[in-house]
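Notes follow once the structure below has been shown.
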Amino acid sequence: MADCRLYIISPPSFNPDNFAAQLSDALSGGDIASFQLRLKDAEEETIIAAAKILMPLCHEKDVAFILNDNPALAKKIGADGVHLGQSDMTVKEARAMLGSNMIIGATCHNSKHLSMIAGEEGADYIAFGAFFPTKTKDVKEFADKAILKWYSNLFETPCVAIGGITLDNAAELTAQGADFIAVSSAIWNGTKGAKITVEKFNEILAQ
């Protein structure tokens, strides 16, 4: 199995000009597969403005730029893909809108059923979680780590582990077969700084 890779997610709110320096710092810390711009309650103009600043930084490092929730806006800004929650449009609807070249990821919480539906509809990755307590979102049900092993043993579409992942617990998820771990606050709010934190996550993922 290939090494598990890092998928980083933006803070829930930030000043784009200030955050650009922090993102550049993180991107200099080693391998990152994807960056997700996740501004849940922001106006469209705010998201577009942030994307104009941050997307070039990602592309300079060959990091995929993923937009949360909004396929139409992802297409409009030229993002590499979109991440869909269960309250957003279906993977099938998003694929019809975006075509075959854009990445589509789907949140499946702790549900084998939802993961199979998303895979059948053509998702490029399946996201399970949250696995641990997180301040980033309100968690109604925690995912069982065993779902990662169940999924990775049966399906080829990559799976992403998300929710409360830190340097202390990431190895628990890679051991279960996660192809990516999605991290937000551990990178942006950590005491070590974004670059060193990314370096340390990559050390863990390579083991």
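The values are calculated or read from the model by the stated rules, or taken from the named source; none is laboratory data. Keep in mind that this is a model prediction, so the values were computed, not measured. Using ideal geometry, Cβ is built from the backbone for each residue, glycine included, and neighbour counts are taken over all protein chains shown.
Quick notes
- The range 1-26, subset aromatic (Phe, Trp, Tyr) and out of contact with any strand residue (DSSP E or B) (no Cβ under 6 Å at 6 or more places or on another chain), residue nearest to residue 69 (Cα to Cα): 14
- Only a single criterion out of (1) at pLDDT 95 or above; (2) under 26 Å from residue 13 (Cα atoms); (3) surrounded by 15 or more Cβ atoms within 10 Å (Cβ to Cβ) is not satisfied by residue 124, namely (2).
- First in the range 161-176 and on the phi > 0 side of the Ramachandran plot, second anywhere and crowded, with 16+ Cβ neighbours inside 10 Å and hydroxyl-bearing (Ser, Thr, Tyr), Cβ under 7 Å, 6 or more apart: 163/134; 164/134
- Hits in the range 90-108 (condition: among the aliphatic types (A, V, I, L, M) and either crowded, with 18+ Cβ neighbours inside 10 Å or within 18 Å of the chain's Cα centre (by Cα) (or both)): 91, 94, 98, 102, 103, 104, 106
- Residue 88 in contact with a helix residue (DSSP H, G or I) (Cβ under 9 Å, 6 or more places away or on another chain) and of a type in the set (Asp, Glu): yes
- Long-range neighbours under 8 Å by Cβ, at least six apart or interchain, first residue in contact (Cβ under 8 Å) with a residue 60 or more places away in the chain and at negative phi within the range 1-26, second among the β-branched types (Val, Ile, Thr) and part of a helix (DSSP H, G or I): 4/174; 6/198; 8/187; 8/198; 26/187; 26/197; 26/198
- Considered as a group, the residues in the range 30-54 that are of a type in the set (A, V, I, L, M, F, W, C) and closer than 26 Å to residue 108 by Cβ include one that is surrounded by the fewest Cβ atoms within 10 Å (Cβ to Cβ), and that residue is 42.
- Within the span defined as the range 180-187, every residue fails to be out of contact with any Phe, Trp or Tyr (no Cβ under 9 Å at 6 or more places or on another chain), among the aliphatic types (A, V, I, L, M) and under 17 Å from residue 36 (Cα atoms).
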